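Okay, so here's the structure we're looking at.
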Amino acid sequence: MKKTLRALVPALLLLAVTGCGDRFKPGGPDPLVPMPAHVPKDPVYASADEVVAALEEAGLPCAVIRRSGRSSAACTTEIGGTRVENQIQVLNTTDFSRDEVGDSIDSWRGGGNTIVAAGNWFVRVVPNQEARYSRRIAKALDAVVLPPPYPLPDIPEQPAYATVGALADALEKAGLCVGRKEIDEDTAQCGTSLPKENPACPRTSLLTRYDSARDRDDDLRLHIRDGRAPAEIVTAARWTAVYCDPAEARRAADALGAALIHHKRAPELPE
């Protein structure tokens with residue numbers, strides 16, 4: 001009989017497994033939350049130790065600090081001088097379907113966690129609040145980063161820009177971009193009009209263009225999860241402009257006809 005995994009104990013990485021006999025009966029528990037479609041189906045691993053080995057092969061040696069059977073382990077590695085703990089869970093494909101893996105991931109994300117996932121496994125990276133660590137682990141393991149499902153406001157489909165340079169042009173025309181610097185084809189920085197005597201905020205905004213609305217929404221949620229990030233995000237179509245100063249962000253949103261997302265800390269997730 002198939003089993004469904006809906007909860008894990010992060011500190012100990014122990015499985016909490018329940019039977020599925022009445023899962024779909026009227027009045028029974030909710031149906032499974034499927035794996036997000038963009039999560040890669042590979043690589044598939046037979047044990048947590050195989051994930052640890054994959055990290056080492058990718059140039060991130062990870063020392064195992066605890067283990068629970070073959071399916072659960074935690075290991076530590078170093079990223080940018082910071083000690084990072086990777087809490088690994090592998091669900092064997094004989095007992096667990098892809099949607100059952102997705103259901104377990106949904107439970108973690110619903111609790112406010114960012115998760116790295118692919119195949120039949122997932123990793124909670126600690127520090128969890130800063131997306132850069134999860135992104136580095138995802139890159140090493142050919143996986144994706146799944147942020148908590150924070151609610152987002154309605155985001156207009158216009159104005160849309162074909163390139164990040166076109167977005168910078170629009171801000172420049174509105175007098176809101178000075179000393180622009182294009183970092184790569186999808187990312188740029190714009191200097192803002194903040195006075196030099198205000199040291200509390202960076203005097204630049206970060207502009208990003210995305211391939212899809214889903215990529216934009218994932219990045220927005222990662223910004224919201226990261227309490228260290230500037231707290232003002234202007235967005236529409238498939239782009240964002242991240243600010244520190246609320247007044248500067250409001251001017252940009254009004255000038256471009258975009259939405260403005262303000263956050264100081266990650267919001268509570270709905271039940």
Among the residues of the range 140-165, the number that are in a helix (DSSP H, G or I) and either surrounded by fewer than 14 Cβ atoms within 10 Å (Cβ to Cβ) or touching a Lys or Arg at 6+ places or on another chain (Cβ under 7 Å) (or both) is 1
Filter the range 101-110 for residues that are among the hydrophobic types (A, V, I, L, M, F, W, C) and open to solvent by less than 10 Å² (accessible area, probe 1.4 Å); the one that is nearest to the chain's Cα centre (by Cα) is Ile105
Any residue that is in a helix (DSSP H, G or I), open to solvent by less than 50 Å² (accessible area, probe 1.4 Å) and aromatic (Phe, Trp, Tyr) - is there at least one of those in the range 111-132? no
Among the residues in the range 40-50, are any within 17 Å of the chain's Cα centre (by Cα) and of a type outside the set (Asp, Glu)?
yes
For the range 178-202, the count of residues that are assigned to a loop (DSSP other than H, G, I, E, B) and either under 28 Å from Tyr150 (Cβ atoms) or modelled with pLDDT of 95 or more (or both) equals 7
Scanning for something open to solvent by 40 Å² or more (accessible area, probe 1.4 Å) and either in contact with a Cys (Cβ under 6 Å, 6 or more places away or on another chain) or among the hydrophobic types (A, V, I, L, M, F, W, C) (or both), does the range 89-99 turn up at least one residue? no
Might you check whether a residue that is modelled with pLDDT under 95 and either open to solvent by 50 Å² or more (accessible area, probe 1.4 Å) or of a type in the set (S, T, N, Q) (or both) occurs anywhere in the range 231-245?
-> no
Within the range 25-70, of all residues that are in contact with a strand residue (DSSP E or B) (Cβ under 8 Å, 6 or more places away or on another chain) and of a type in the set (Gly, Ala, Ser), the one surrounded by the fewest Cβ atoms within 10 Å (Cβ to Cβ) is Ala63
Among strands (runs of 3 or more DSSP E) completely within the range 55-100, the ones holding 1 or more residues that are more than 21 Å from the chain's Cα centre (by Cα) and among the small types (Gly, Ala, Ser) are 63-68, 72-79
Checked the range 71-88 for anything in contact (Cβ under 8 Å) with a residue 24 or more places away in the chain, open to solvent by less than 10 Å² (accessible area, probe 1.4 Å) and farther than 21 Å from Leu222 by Cβ; matches are Ser72, Ala73, Ala74
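The values are calculated or read from the model by the stated rules, or taken from the named source; none is laboratory data. Note that the structure is a prediction, hence the values are computed from the model and not measured. Reconstructed Cβ throughout: ideal geometry from the backbone, glycine too, with neighbour counts over all protein chains shown. Ligands, DNA and RNA are stripped out before the accessible areas are found, and what is left, the full protein with its side chains, is counted by its heavy atoms. Shrake-Rupley method; radii C 1.70, N 1.55, O 1.52, S 1.80 Å.
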